[in-house]
Each structure stands twice: as structure tokens, then as C-alpha cells.
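**Q** Here it is, the structure, as C-alpha cells.
The values are calculated or read from the model by the stated rules, or taken from the named source; none is laboratory data. Everything numeric in this text was worked out from a predicted model, so none of it was measured. Cβ placement follows ideal geometry from the backbone for every residue including glycine, while neighbour counts extend to all protein chains displayed. The area values use the complete protein model at the heavy-atom level, side chains included, leaving out ligands, DNA and RNA. Shrake-Rupley method; radii C 1.70, N 1.55, O 1.52, S 1.80 Å.
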Amino acid sequence: MRVSRLMLVTLRDDPAEAEIPSHKLLLRAGYIRRVGSGIYAYLPLLWRVLQKISAIVREELNATGALETLLPQLQPAELWQRSGRWAGYTAGEGIMFHLEDRQGRELGLGPTHEEVITALAGDLLRSYRQLPVNLYQIQTKFRDEIRPRFGLMRGREFIMKDAYSFHADEACLRQTYAAMDQAYRRIFSRCGLRAVAVEADSGAIGGSASQEFMVTADAGEDLILASADGLYAANQERAVSLPGEAQPLTGGVRGDGLGEPLATPGQSSIDDLCAAHGFEPSHTVKVLALLARFEDGSQHPLLVSLRGDQQLNEVKLANAVTARLAPEHGTLLEIVPLAADAVSREGLDPLPFGFMGPHLSDALLAGARSWQPRFLRLADATATELEAFVCGANSVDAHLVGAAWGALCPLPDSLDLRAAQPGDRCVHDPAQVLQASRGIEVGHIFQLGRKYSEALEATFTNEAGQEEPLWMGCYGIGVSRLAQAAVEQHHDGNGICWPTAIAPYEVIVVIANVADEPQRELGEQLYAELEAAGVEVLLDDRSERAGVKFKDADLLGIPWRVVVGRGAAQGQVELVQRSVGERLELPASGLQSQLLPQLQRERAGLATA
RNA sequence: CGGGGCGUGGCGCAGUUUGGUAGCGCGGGUGCUUUGGGAGCACUAGGUCGCAGGUUCGAAUCCUGUCGCCCCGACCA
């Protein structure tokens, strides 16, 4: 392709709308244009990148026996009502774009395809003899993100590969899940990306095992905690670790476990309390009051106890609350801290914020206008393991010293609710310490189990002749996000440095001065020869100055640049590797033998690059 | 939704405080000179100052409303 015909529009200045390097570079180099908030046009250069990524995804999935398909984006509400997700996905905070047709039928624009695929599977898969099956598609998804950002990283319309597998039993599901794990590793490696697999929360989609694939980059939205030995890596939402040892409380249990009152005027924070009385944060139990709202409109006050030196992990809390209350009240919509004004709106007396203890009485909730009149009481194991502790006295400006579970109040459910932190010791090996890094989630695989097949009555006949729901897995890759993640991981001060395997073109032949006949001729010749050799090659034939063309080549990030310039008359050209800036003068006749083997290796991605 | 910011030629911005009829750089076009790291000179085209009301002799500028976009947070297979 000739650059003069490429509709290439590069920008000299950073666009005001972009914040992170990959977003700026994709805009500046003419890969994308914003059409609306979170809505982007993929310009011809980016489309080539996306097609290359897609091709790698296809090859690897096809190799596992998965079947490519294409499902509708316009989906009837009825399907989502059957799975029970319509309300949650379309109501106030829902992420599904939805509409009504002229007949008044409700439709949603697919944010994901579990419903459609499960309904189809239920229709088509009747016998265990047909199983397992793994179906995938590469397609545009629509999500009404509350806050789209960072270009393709979080858009409202984006390209995703999603796959859904169906099995006769759980063991078979695990096999396919493992096969997808391996396929994903190959896909990211072939794309030239450094990616790590981390344990993940299953989130709203449900299911048991779940793993995310993160492209490591500083601009990543997710925090990864991993051990240096490579044996453990998890999203912070999910990460577990060993807490530090608690310091024994001097004096131990006092007042038969009811604790002794201590005047603590104005000392409403753990720090203030400890500073004033010489306590350690690990001597204390801190108590958080929160409110959970559910799909059925019910609102449940929560009382969560943590050891004073620990932080709450809200994802773990949400999972614990869901497990206890969702069966009766539907989807958990949100958990918010209990604020003083919310308490007074309920017509209740103020809670002793800053001085709460785990024995806070349900009687305080009596007469609440809309809340459930009792606390759901949960505690992290670090708190329940304390034999004697300091906690709030449930009256302002007072704490209790030497309180004990059982005597003060019944021991609440003991769970893992704490947020693992960088520096924590690892569970699998206490000698290892968790280290933090940032990542961009580009893939996620789940063992869904039978949640959707049960809801949509997708059953098959097993060997014994009985009907049972299909076992399911689902597997996603954010294709357009991956393209931007690649830029985030591979760029420098001059522009993008595409991994060859997903670069829009592999080589750019730059004719330094198109007015110079020998240069032009040699450039055209090399361009034609490279094309004939199956190389994806650009010819910069524009009548720009050489400097402009070099800048653009760097910005675009084409992995190899062949400069046809001063040496052209003598048959000499220059070969430049974009990523490392290495230059090599060589005779034009030797270009292919120098370049082709190198390209061949790079097309395979990281593994052999 | 809460908090912050921004809407002025295609892009990046100044001008708004203190009202007087719009400017700079880049980019586009033409010509000449240049020609290996975003060239120089000259000429040139291009703007309902987001939109709608209002105040005023007069509004990019002041007031009210509204729309859009960006950032932080909440949210998020």
C-alpha cells in the first residue's frame, strides 16, 4: 500500500480528549477517531490490526475444536427475562442498551450472549453424544458504561471474542476450561504481549472458577498481586494473603470479656485511639456499618467487623452478602456506607459513628422506615481470632478495653473479608511476599456451571436417559481493548512499536526524496519485491520531506523501516528496527535475505521472537 | 449520580476577570526556495465563539437555562 493513498492523517499535538499514552498515540497516528463518548471509528490501519488479532484468536480456538458462529446483537427481552437478568441489566444502573420496536416489543442490544447461546444450545443439544461443544464469535458488543474512558479501553461499543462451552459433566467443563487457559496463553504470546493469568472474582456473571488475563502496563485499571516465585497471582479483588500477627493486648480479657470502659474523647479513628492510649491497631476491632440494597427493593443494614489494621475488600463483602441474602431478595444492587443523614431519614437515633462496637444492638434499628430492622453481622477472621480486643463502646467518646467474643456479643460469621495488600505474606508459601503491579484485563474465562442452563431450561439427555441441565463455561477476549493494550505495553517517546504479529504493516519503505529518480526507482523496486515475497509493506511515496516521513513511520509503529535515500544510486539502503532503533546499512540486493528470516520469527509472537 | 474542568476555523490554544464586533501556532490550498528527523518566504481559503433565551446602544465576554465532552469517584464478564 502506498502511504499517499492511505488516508493517513497524523496529528502533531496530543489531542485534548486523551489522557494515557496508548489513547493519545492511536489518535495521533490516525488509528481511531472518536464519534461519541465511548464510541470510536476503527480507521483502516486499526482495522488491519484488529483483523490480525482476530486471525490469531481464530487459529488458536479452531485448533481446540471450537466452532465459530455469529449471534444476533438485537435480543428479545423475553430471553433475558427468562434468565432473570432483564431487570438488573436495564434498570437504573443497568449496562444494557434497550429499546422498543414499533410493535412495542422490548429488545436489548447484546452486552453479552449467554442467553442467546444457551437458548440455542437447549434447542440444538439434546444428547450427551453431541457434547462437548464450544462455540465462539468475534463481534461488536454494546454496554452502556457509566463512564467510558481511555479510548478503546472502556468503550460503549467494542469488539469482543466470546465463547461458550457446553458439557455433560463438570469434569469435561474443567477440561475445556484448561484448554482455553492454554489457548489464551498462546494467543497473547502470539500477539507479542506479556500477559499474566490471575485468579479473579466471578462478578455479576456468577459461576465458580474464574481467571483473568492481564496485559501488564502502568496505565492498567486493575491491581494485580503476585508472588515472585510465579506460583500465585490474583486480582486484588480476589487476592488472599496471610495477615500480620496480632499483637497480644496487654492485660488480656477484662471485665469478664465485657471490657472496661475507657474515655476516648474525640478519638474516633483507629490512629487517634492508638496514639492516645498506646494501643496497636491490631489490638482493635473496627466496626463498619453499611447498607445493602437488593433487586426486590429491600435494604439491609450490615455490621462488619475487621481487625483495626486491616482494610475491607468490598468485592469479598458483596459476595458474602449475596450468598446470604440474594436467594431471597434477588440481585445485590449496591452496598454503601451507612451515612448519618440516611439514618436520620429512617427516623432512627444517630449511630455512634467512630465509637461502634460489634455488640451494636438491633434495637437501634427498630422503627426504621424502610430498612430491615436487624443487622447482618459479618466479621473477618482477623477480628474473630482476637482473644481480647479494644472496640467502640457504642456511645460517643468511649471505648472498651479487653472485650472478648462470646461475652460481649455472639461471635459473628467469620469470613475472609480483608483486602490483601502488597507486602503481605502469601498463603501458599509464607516466605513469599505479594508484589503489586498494574494490568489491563484482556481476557476472562469462567466455569459457569449450570446457572444459565437451569434458568433457560437448556437440558440434554444423559447416558442414563435422564434430562439434566448442560454444564457451561464462557471465555472472553476484548479484541479492541487488546489492540490498545498492545500500544500501552509497546510504545516509546516517538510513537507506537507494534509487535510484528499484530502490526498493520510489517515494513515501511521510505523514499527519502521522491524527486530523486534513483531513489524513487529503487524504492518502487524494493516495495514490489517485498510484496511479491508476501511481506505486508507500505511505500511512503509522499512528496514530504524525509524528516516528516521518518516521524510518521515512528509514530505509526511499523516494525521495520527501509530507507531509500542518499545511497540509492550506489544500491545502498538502510534498515531500521523500530522497537530498538537499530540501523543497518546494506546493499538493496541483500535486503530480503536480511529481513525475511527475522520477520518470519517475529510473526510467531513472543515465544520465539 | 456526586465532585472538578472544558466547549472559540480541521487540531492545539489565547481572548472572557474589566462588554466595543475575533487572534496565535499547527494543519489545508497556490507559488518560489529547500530536501536524511515534524523546513523557509509570500499569498490564500476557512469561525452562527456548543445551543436557546435574557440584560445592553452593543455580548465570545454578563445573567438564566440547556446540550456535549474530558478528568476523579461510584459502576464494570
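**Q** What are the pairs, 6+ residues apart or on separate chains, where a residue within segment A:296-316 that is of a type in the set (Ser, Thr, Tyr) has its Cβ under 8 Å from a residue that is assigned to a loop (DSSP other than H, G, I, E, B)?
**A** From residues that are of a type in the set (Ser, Thr, Tyr), the pairs are A:SER298/A:GLN372; A:SER305/A:PRO358; A:SER305/A:PRO412.
**Q** Please go through segment A:158-183 and pick out each residue that is within 15 Å of RNA strand B (Cβ to nearest atom) and touching a helix residue (DSSP H, G or I) at 6+ places or on another chain (Cβ under 7 Å).
**A** Matches in segment A:158-183: A:PHE158, A:ILE159, A:MET160, A:LYS161, A:ALA163, A:TYR164, A:SER165, A:PHE166.
**Q** Given (1) part of a strand (DSSP E or B); (2) touching a Ser or Thr at 6+ places or on another chain (Cβ under 9 Å), where does A:HIS428 come up short, assuming only one miss?
**A** (1) is the only condition that A:HIS428 fails.
So that you can scan it fast, the table gives a plain yes or no per residue for (1) of a type in the set (A, V, I, L, M, F, W, C); (2) within 25 Å of the chain's Cα centre (by Cα); (3) crowded, with 23+ Cβ neighbours inside 10 Å:
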| residue | (1), (2), (3) |
| --- | --- |
| A:ILE440 | yes, yes, yes |
| A:ALA464 | yes, no, no |
| A:PRO469 | no, no, no |
| A:VAL487 | yes, yes, yes |
| A:ASP492 | no, yes, no |
| A:VAL509 | yes, no, yes |
| A:GLY523 | no, no, yes |
| A:TYR527 | no, no, yes |
| A:LEU530 | yes, no, yes |
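**Q** State the number of residues belonging to segment A:69-88 that are open to solvent by 40 Å² or more (accessible area, probe 1.4 Å) and either not in a loop (DSSP other than H, G, I, E, B) or not assigned by TED's automatic domain parsing to the domain that holds A:LEU456 (or both).
**A** Result for segment A:69-88: 6.
**Q** Next question. In the set A:ALA276, A:ALA263, A:ALA320, A:ALA340, which member is aliphatic (A, V, I, L, M) and open to solvent by less than 20 Å² (accessible area, probe 1.4 Å)?
**A** A:ALA320
**Q** Under 7 Å between Cβ atoms, at least 6 apart or on separate chains: pull out the pairs that start in segment A:212-231 with a residue that is under 19 Å from A:GLN421 (Cβ atoms) and end on any residue that is within 14 Å of RNA strand B (Cβ to nearest atom) and assigned to a loop (DSSP other than H, G, I, E, B).
**A** A:MET214/A:GLY220; A:LEU223/A:GLN236; A:LEU225/A:GLN236
**Q** Taking segment A:217-235 as the region of interest, how many residues are away from RNA strand B (no atom under 11 Å from the Cβ) and out of contact with any helix residue (DSSP H, G or I) (no Cβ under 7 Å at 6 or more places or on another chain)?
**A** Number of matching residues: 13.
**Q** Go through segment A:330-386 and report how many residues are in contact with a His (Cβ under 9 Å, 6 or more places away or on another chain) and within 25 Å of A:THR264 (Cα to Cα).
**A** 3
**Q** Take A:ALA246 and tell me if it is touching a strand residue (DSSP E or B) at 6+ places or on another chain (Cβ under 8 Å), part of a strand (DSSP E or B) and not charged (D, E, K, R). Before you say what the answer is, go through the steps one by one.
**A** Details: touching a strand residue (DSSP E or B) at 6+ places or on another chain (Cβ under 8 Å): yes; part of a strand (DSSP E or B): no; not charged (D, E, K, R): yes.
No; evaluated as a whole, the condition is false for this residue.
**Q** Going by what's in this entry, would A:GLY581 be described as within 10 Å of RNA strand B (Cβ to nearest atom) and in contact (Cβ under 8 Å) with a residue 40 or more places away in the chain? Spell out the reasoning first.
**A** Numbers: within 10 Å of RNA strand B (Cβ to nearest atom): yes; in contact (Cβ under 8 Å) with a residue 40 or more places away in the chain: no.
Taking the combined requirement at face value, the residue does not satisfy it.
**Q** Ok, one more. Could you go through segment A:400-421 and let me know if any residue there is in contact with a Lys or Arg (Cβ under 6 Å, 6 or more places away or on another chain), within 16 Å of RNA strand B (Cβ to nearest atom) and at pLDDT below 95.
**A** yes
**Q** Go through segment A:138-157 and give me each residue that's assigned to a strand (DSSP E or B), of a type outside the set (Ser, Thr, Tyr) and more than 11 Å from RNA strand B (Cβ to nearest atom). Working first, answer last.
**A** Keep residues of segment A:138-157 that are assigned to a strand (DSSP E or B), which gives A:138-142, A:149, A:154, A:157.
Add one more test, that the residue is of a type outside the set (Ser, Thr, Tyr), and what stays is A:138-139, A:141-142, A:149, A:154, A:157.
Hits for segment A:138-157 are A:ILE138, A:GLN139, A:PHE142, A:GLU157.
**Q** Looking only at segment A:3-17, decide whether some residue is part of a helix (DSSP H, G or I), within 13 Å of RNA strand B (Cβ to nearest atom) and farther than 20 Å from A:CYS497 by Cα.
**A** Looking through segment A:3-17, at least one residue is part of a helix (DSSP H, G or I), within 13 Å of RNA strand B (Cβ to nearest atom) and farther than 20 Å from A:CYS497 by Cα.
**Q** Within segment A:295-319, work out how many residues are touching a helix residue (DSSP H, G or I) at 6+ places or on another chain (Cβ under 7 Å), within 28 Å of A:ALA234 (Cα to Cα) and not in a loop (DSSP other than H, G, I, E, B).
**A** So the answer is 5.
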